[in-house]
Structure formats: structure tokens, C-alpha cells
Amino acid sequence: MHEFGSKEAVPIADKLSLSTEEASALTGIGLTSIRQAVNREALVARKHGTRTIILREELEAWLKTLPKAGKKSVSATRD
């Protein structure tokens with residue numbers, strides 16, 4: 001348990017909010033892609049002063065909106 005006011009490092013797995021850098025490290029998705037998603041408002045982020053923070057729930061929700069992997073079905077229309 002962390003003592004109130006202590007500045008011990010909290011493991012990413014225990015954090016309620018993440019920086020864009022931490023979100024990138026946690027997901028394996030590039031920092032530029034994370035920042036672009038925030039700028040497009042596809043990934044909801046919040047501001048605390050100058051810091052951009054992403055709630056874990058928002059990151060998980062955004063990940064679920066990404067396209068599923070696999071073959072795309074191509075409808076063959078021939079003239």
C-alpha cells in the first residue's frame with residue numbers, strides 16, 4: 001500500500017489514468033498513432049493542467065473500436 005503523499009512509482013497495471021506514452025507502451029501501439037487518435041477525438045483524453053491523461057476505460061473502449069483482423073470480404077462485381 002502506498003503511503004499518502006509518497007512519490008513511489010506506481011506500476012502501469014495499477015494506474016487509473018495513463019499518459020500518451022504509457023498508453024503506447026501498454027498497448028504496443030505507436031505514440032504517434034495514440035496522439036493522432038486523441039487529436040481526432042477517436043480516443044477520449046482529458047487534460048490536467050498541461051498533462052494529457054487517458055483513463056484506462058477509455059483506452060480499452062477505443063481498442064475495441066479498432067477493425068478486426070482477418071480477410072476482408074471482397075464482393076466481386078463484374079461488368
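The values are calculated or read from the model by the stated rules, or taken from the named source; none is laboratory data. Just so we're clear, the structure is a prediction, and the values are computed from it rather than from any experiment. For neighbour counting, all protein chains shown are included, and Cβ atoms are generated from backbone atoms with ideal geometry for every residue, glycine included. Ligands, DNA and RNA are excluded from the accessible area calculation, which covers all protein heavy atoms including side chains. Shrake-Rupley method; radii C 1.70, N 1.55, O 1.52, S 1.80 Å.
In nanometres, what is the gap between the two model label sites at residue 66 and residue 22, each 7 Å from Cα along Cα-to-Cβ?
1.9
Sorted by mean Cβ packing within 10 Å, highest first, what order do the peptides 46-55, 62-71, 26-35 take?
Top to bottom by mean Cβ count within 10 Å: 26-35, 46-55, 62-71.
Between residue 33 and residue 55, what length in nm is gained on full extension when 0.36 nm per residue of separation is reduced by their alpha carbon distance? Mind showing how you got there, number by number?
Working: separation 22, 0.36 × 22 = 7.92 nm, distance 1.68 nm.
Here the segment from residue 33 to residue 55 would lengthen by 6.2 nm.
Write down the radius of gyration of region 1-68 and its Dmax, each obtained from C-alpha positions, in Å.
12.9, 43
Under 20 Å Cα-Cα from residue 72, which lysines qualify once same-chain neighbours fewer than 8 residues away are excluded?
Excluding near neighbours in sequence, the set is 64.
Which percent of the accessible heavy-atom area of region 29-71 goes to carbon and sulfur, probe 1.4 angstrom?
So the carbon and sulfur contribution to the accessible surface is 52 percent.
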